[in-house]
1. I'd like to check something: does the range 65-77 contain any residue that is under 18 Å from A163 (Cβ atoms), out of contact with any Lys or Arg (no Cβ under 8 Å at 6 or more places or on another chain) and among the acidic types (D, E)?
2. Out of curiosity, is I204 in contact (Cβ under 8 Å) with a residue 40 or more places away in the chain, surrounded by 14 or more Cβ atoms within 10 Å (Cβ to Cβ) and under 30 Å from Y126 (Cβ atoms)?
3. Collect the residues in the range 221-257 that are without any contact (Cβ under 8 Å) to a residue 60 or more places away in the chain, outside any helix (DSSP H, G or I) and loosely packed, with under 15 Cβ neighbours inside 10 Å, keeping them in residue-number order.
4. Please specify each residue of the range 61-85 satisfying the condition of being more than 27 Å from L260 (Cα to Cα) and open to solvent by less than 40 Å² (accessible area, probe 1.4 Å).
5. Just for the range 157-171: of the residues that are part of a strand (DSSP E or B) and open to solvent by 20 Å² or more (accessible area, probe 1.4 Å), which one is nearest to D88 (Cα to Cα)?
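The values are calculated or read from the model by the stated rules, or taken from the named source; none is laboratory data. Keep in mind it's a predicted model, so treat the numbers as computed, not measured. As a convention, Cβ positions derive from the backbone with ideal geometry for all residues, glycine included, and neighbour counts pool all protein chains shown. Heavy atoms of the whole protein, side chains included, go into the accessibility calculation; ligands, DNA and RNA do not. Shrake-Rupley method; radii C 1.70, N 1.55, O 1.52, S 1.80 Å.
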Amino acid sequence: MMFTAMKFKQFATAVTTLSLLLLTSAQAQVVSPATLTIDDNKIQAKLELTSLIEVDLTVEFENSIGLNANTIDITAELLDPTDLTITDRLPSSLTSAVSGFPVLVSISPKADAGFGFEGLAMVELYTKAIHYTPTIPWRLFTSHDGGTFEDITVLMSSGSIRARGSTGQFSDFIILLDTRPSALVINEKAASIANTVNNNRDKITALLEAAIDSGINDIQSALIVNDNDAALTAVDSLITLIENASGSEIADVWRSSGDLVNVKGQLLTQLQTLRFSLRTL
């Protein structure tokens, strides 16, 4: 759904004053979790930045190794939405930090602590600082090692706002306002899937590689003729194919030493967020 310039202007005016007040009182501090619970394959943390801005973080793994409070660092930082550490990493001038919730959450497994996981990790940010409105295109983005932020959204819902995505690696997470045209977002996500495969062909068996290439071609062919239903069907089929692939067919492990590429996790992350975009046209 289009987010009109008038709506954006009204929204931005309403939240900028609040943002300035919050930033003045918070002094852009970095905070550690007020509470942290790690149980089997799940992390739950509450981060309190000001009396008005808190964020609940949930991370769930399919299968983790060495996960405990000593192997992973979690922080949150309240930023100036115009800070170059954010703006220089945005994918487009049509994306921006949310003035009412300019919060960067960092998840940093310690390189020498032996932490790792297989497949996907689900990441969810929940806050009462802003309220879910279907017409406002807030999305969950991630950035690895200071790189460009990428949309990983698989769910945006109320409560007051709940943003969920998945990842095959870790670094920074932020909710951004994304006013890019839907077609542009969808085409860029489809291109990212193809790039991930092209960059990691040596980590995929030949048989699975051919099947993935066929699925990507189906997605791209459907998008060329604006057949979004066919594209969605092709995305669902490719998700099923990769979900059912074993570690002997496609690299599916990430570890904090940074020496492995979790190709399965990255592809599923990109496919699932493409599915979200196709469903929310």
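1. yes
2. On the way: in contact (Cβ under 8 Å) with a residue 40 or more places away in the chain: yes; surrounded by 14 or more Cβ atoms within 10 Å (Cβ to Cβ): yes; under 30 Å from Y126 (Cβ atoms): no.
Against the criterion (in contact (Cβ under 8 Å) with a residue 40 or more places away in the chain, surrounded by 14 or more Cβ atoms within 10 Å (Cβ to Cβ) and under 30 Å from Y126 (Cβ atoms)), I204 does not qualify.
3. Our first condition is that a residue be without any contact (Cβ under 8 Å) to a residue 60 or more places away in the chain; within the range 221-257, this holds for 221-246, 248-251.
Next, from what is left, pick out any that are outside any helix (DSSP H, G or I): 225-227, 244-246, 248-251.
V225, N226, D227, N244, S246, S248 - these are the residues of the range 221-257 that are without any contact (Cβ under 8 Å) to a residue 60 or more places away in the chain, outside any helix (DSSP H, G or I) and loosely packed, with under 15 Cβ neighbours inside 10 Å.
4. Matches in the range 61-85: L78, L79, P81.
5. Keep residues of the range 157-171 that are part of a strand (DSSP E or B), which gives 157-158, 161-167.
From what is left, the residues that are open to solvent by 20 Å² or more (accessible area, probe 1.4 Å) are 157-158, 162, 164.
On the way: S157: 28, S158: 30, R162: 26, R164: 24 Å.
If we take residues in the range 157-171 being part of a strand (DSSP E or B) and open to solvent by 20 Å² or more (accessible area, probe 1.4 Å), then R164 is nearest to D88 (Cα to Cα).
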